[in-house]
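What follows is one structure encoded as structure tokens, with my remarks underneath.
The values are calculated or read from the model by the stated rules, or taken from the named source; none is laboratory data. Keep in mind it's a predicted model, so treat the numbers as computed, not measured. Note: ideal-geometry Cβ built from the backbone for every residue, glycine included; neighbour counts use all protein chains shown. To get the accessible areas, we keep the full protein, side chains included, count just its heavy atoms, and leave off ligands, DNA and RNA. Shrake-Rupley method; radii C 1.70, N 1.55, O 1.52, S 1.80 Å.
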Amino acid sequence: MMNSAHSPNRSLVHIYCVSLGGLLFVYGAISAKGLFAAESLTATEFTTGVLRFVLGLLALGAVVYWDRFAEPLESRVRLMGVAFEADYANLSTKTKVRLIVLVTMLSLLLELVLIRWLASVFPVYSFYKNFTMLACFLGLGAGYAVAERQPCAPALVLPMLALFVLVITLLRYDTGAAYLIFSVGWLSTFDLPVYLLLGASFVICACICYPVGQLCGKLLRSSNSLNAYGLNLAGSVLGVLALFVMSLYWLPPVIWFAVTGGMLLLFVLSRDEFLPAGIASFCVLLAILAWPVQPETQRIYSPYQLLERTAKDDGLMQILSGGSYYQKVYNFADNRRAQQSDGDRYVRAYYEFPYNFKQTPERVAIVGAGSGNDVATALRMGAGHVDAIEIDPAIAFLGTKYHPEHPYDDPRVNLSINDARNFFRNADQQYDLIVYGVLDSHTALSHASNLRVDSYVYTREGIAEAFRLLRPGGVLSISFTLVNDALGFKLSKILRELPGAGKPLAVRVGYDNSKTTAFIAKKGEAVTMPDGSVFASIGFADVSDYFSQPYPESAVPTDDWPFFYMVERTYPVTYMIALGMVLLLSYVFVRKTIGFTDPIDRSYLPFFFLGSGFMLVETKAITELGLHLGGTWFVIAAAILLVLTMAFLANLMVTRTARKLAGPAYLGLFVSLVVGYALATSHGQWTFGPPLMQLALSCLVLTVPLFFAGIVFSSLISEAEINISTAFAYNLMGALFGGVMEYNSMYFGFAFLYLLALGFYSLAWVFSLKSSLLLQPAE
């Protein structure tokens, strides 16, 4: 696939500089827009804005006239490659084998750190969560492809990483970049600056991962294929565990990058003659990340998102998530009634609205308890016991520490750090009132899917599980900021069709947004407005008839299609544009770094399709385990580790056997996928036995296809003629394609991923038959 005269490192630098220049041009353009939009500016503000704009123009000029100054930079890069190759040749085989684990750990940790950091800086990366992952797959895969054909220059990683972090930090904090931060939740079809940000960062992330993938590929040849693959999987497990520990203690990005960059310096560049450049870049990187860009703001990196604690005008806490408004704290204590403004009284009426339908409830559950406003309201309204359910421990911590009414300190309150679905599934008590706060998650369920952590909360099955826990006459209240009325139609339809529910009530309450609406359903009774004149006087409007209109059943969220935020089953134009950009940029990147002068080697095509199928089944397994065990970060990390463990056990089995098991493994893989699809589309009709048995069966059904796929992969790489680094290159490129195909779930649902995976694995089997004898005894 590659022309030997081609220099991927030169092309890599070119691609990187062009992409970085594009980001700097966006930075200058935003500054120019601010200059023209401002009504008045001080001399300092005007000068600074002009300098930013000039910097953007210089970056654009550097991109256009690249050839005029490229040679000195490219010459330096060539020296980096030659120096590292000379040092690498002197390493012992034993050292290289140890480095397989460490460098693989580094590659996965670098990927996860980039995913987490970018999503915390700009919300757009949370809505396109697997975008960064696909970029890392592209860079690592291309690196594996040229591992043995071109000099490796890992000394490039830290300089490229430091510059990227600097430019993204400037975009986020220097200009404010309000356009990019606040408009990305619901992107317009042709949001050019956002697509420039996504496209440039996609290419840059691929460039950063490229030398790491190249080094991984070189190291894999230092041991036999099966042993090298086992060490590769062990390193992947360590990478996941490292980020798990850092997330457990809410450590900030400066620590994430310090661990990642430190590993590169200590284990890869320690004897490289460009070590001083690496150390300097490392120090610059940490200085940027540690710089107090907003000294007045407390920043907490919870396992899910970046939380920024600021203060409102009244001195009480306000929480931002990735720069966007998230939550406010209010003090509605009875002894402060006389001091409350009209606005405060309106907000208080909103929080107390559900208690007009169930006065002095004995037992209350709060979904999305957050910083404590809903919990404090329940206590003021006389609740005997409150179960406060909050998935993010950092938000609960802030509420415990800074809420003026201290609701979490009350002995009547039980704070549960848990996923709402998991809490209700395991609850053994009934409630008089269940209140859903305005959740509207700002974070995704996992790096491998585009679900949000609250996606399964608003499915038909999720709401039904909560409703079943109500006592006779119990009330369910769901408040939501309706960015479009389709969300209201969905909620109303689900509540109307709940078994045992009376006609629901829908009321525009206008909290935080004119479209915020409360939906009230009662067990066994219809719900009507308690005192229309009182609530109408403060702006509450009954919109029940409007939202009772018919709505298509296909657009109602279910556990298989949990896309509550989508108006209908469709391929969103914004995502299609972004995915088209991914495919185009991937083609350009591969053309520049690998080349297409040689024909594709068909003997490696099984690895491509195995990667595509694996990505789809892994996504299905992670999302489904999140549904069954709770979509907490702990469960998602455990699911990823379980997937890697299955692959490790499969490799161990192939290593210990005297026969090649690819043929029987393909049969087991196809059968397990068919069973998985049947269970996924049965809508719970196959459930039997106690809950623990059902859980064990679910885990087995979801992960056993990955075990069989692992046996196939390990069996194929044990072929004498297979180059393991090339096999990994094809596999990662296939995983990238599988990640793109995962978006089909937005139309067909997640069960459809089994059918797609079955198709990819069938293609892998067909090409395996052409390239090897699957049942041939091992040599």
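Given a Förster distance of 25 angstrom, what is the FRET efficiency for Val588 paired with Tyr325, based on the Cβ-Cβ distance and rounded to 0.05? Could the numbers behind the result be given before it?
Details: r = 38 Å, r/R0 = 1.52.
Here the calculated transfer efficiency is 0.10.
Using 0.36 nm per residue of separation minus the Cα-Cα distance, give me the extension gain between Val675 and Glu148 in nm, one decimal.
Difference between extended and current length: 185.6 nm.
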For the chain, averaging the sequence separation of alpha carbon pairs under 8 Å that lie six or more residues apart and dividing by its residue count, the contact order in percent is 15
Might you tell me the accessible area per residue for the chain, computed with a 1.4 Å probe and given in Å²?
39
Going down the list Lys312/Lys515; Lys33/Lys312; Lys358/Lys515; Lys218/Lys592; Lys33/Lys401, which pairs span over 30 Å between their C-alpha atoms?
Lys33/Lys401
Just by accessible area at a 1.4 angstrom probe, what is the order of Asp272, Asp601, Asp560 from largest to smallest?
Asp601, Asp560, Asp272
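At 0.36 nm per residue, and after removing the present C-alpha to C-alpha distance, how many nm does the segment from Glu45 to Glu352 gain when stretched out fully? Before the final figure, lay out the partial values.
Numbers: separation 307, 0.36 × 307 = 110.52 nm, distance 4.61 nm.
Extending this stretch completely gives an extra 105.9 nm.
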Inter-site label distance for Phe748 and Phe634 at 7 Å from Cα along Cβ, in nm:
3.6
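By how many nm would the segment from Ala338 to Gln549 lengthen if fully extended, with 0.36 nm per residue of separation less the alpha-carbon distance? The partial results should precede the final answer.
Details: separation 211, 0.36 × 211 = 75.96 nm, distance 4.23 nm.
71.7 nm is the gain from fully extending Ala338 to Gln549.
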So what is the calculated 222 nm ellipticity per residue for the chain, using -39500 (n - 2.57) for each DSSP H run with n of 4 or more, over all residues, to the nearest 500 deg cm²/dmol?
-19000 deg cm²/dmol
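Determine the dipole magnitude for the chain: charges of +1 sit on the beta-carbon of Lys and Arg, -1 on that of Asp and Glu, nothing else is charged, the reference point is the Cα centre, and the result goes in debye to the nearest 20.
Details: 52 positive and 55 negative charges, 231 e Å.
Charge dipole of the chain: 1100 debye, to the nearest 20.
Given a Förster distance of 51 angstrom, what is the FRET efficiency for Asp485 paired with Val82, based on the Cβ-Cβ distance and rounded to 0.05? Before the final figure, lay out each step's value.
On the way: r = 63 Å, r/R0 = 1.24.
The value I calculate is 0.20.
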Give me the angle, in degrees from 0 to 90, between the Cα long axis of helix 633-656 and the longest principal axis of the Cα atoms of the chain, rounded to the nearest 10.
30
What dipole magnitude, in Debye to the nearest 20, does the stretch 338-402 give about its Cα centre under +1 on Lys/Arg Cβ and -1 on Asp/Glu Cβ?
140
If you line up the long axis of helix 485-496 against the longest principal axis of the chain, both from Cα atoms, how many degrees apart are they, to the nearest 10?
60
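Taking 60 Å as R0, compute the FRET efficiency from the Cβ-Cβ separation of Ile538 and Ser270 and round it to 0.05.
Working: r = 68 Å, r/R0 = 1.13.
After rounding, the FRET efficiency stands at 0.35.
Quote the charge dipole size of the stretch 1-159 about the Cα centre in Debye, to the nearest 20; the model charges only the Cβ of Lys and Arg (+1) and of Asp and Glu (-1).
Value, rounded to 20: 360 debye.
Arrange the residues Glu525, Glu273, Glu624 by how much accessible surface each exposes, largest first, with a 1.4 angstrom probe.
Details: Glu525 90, Glu273 135, Glu624 30 Å².
Result, largest first: Glu273, Glu525, Glu624.
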What lysines could a cross-link reach from Lys660, if we take a straight Cα to Cα line under 19 Å and drop same-chain neighbours fewer than 8 places away?
Lys770
For the chain, longest principal axis from Cα atoms; helix 691-717 axis from its Cα atoms; angle between them, nearest 10 degrees, is 20
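For the chain, which whole-number percentage of the solvent-accessible area (1.4 Å probe, protein heavy atoms only) is attributable to carbon and sulfur atoms? Kindly include the intermediate steps, with their values, before the conclusion.
Working: 18760 of 30030 Å².
Carbon and sulfur together cover 62 percent of it.
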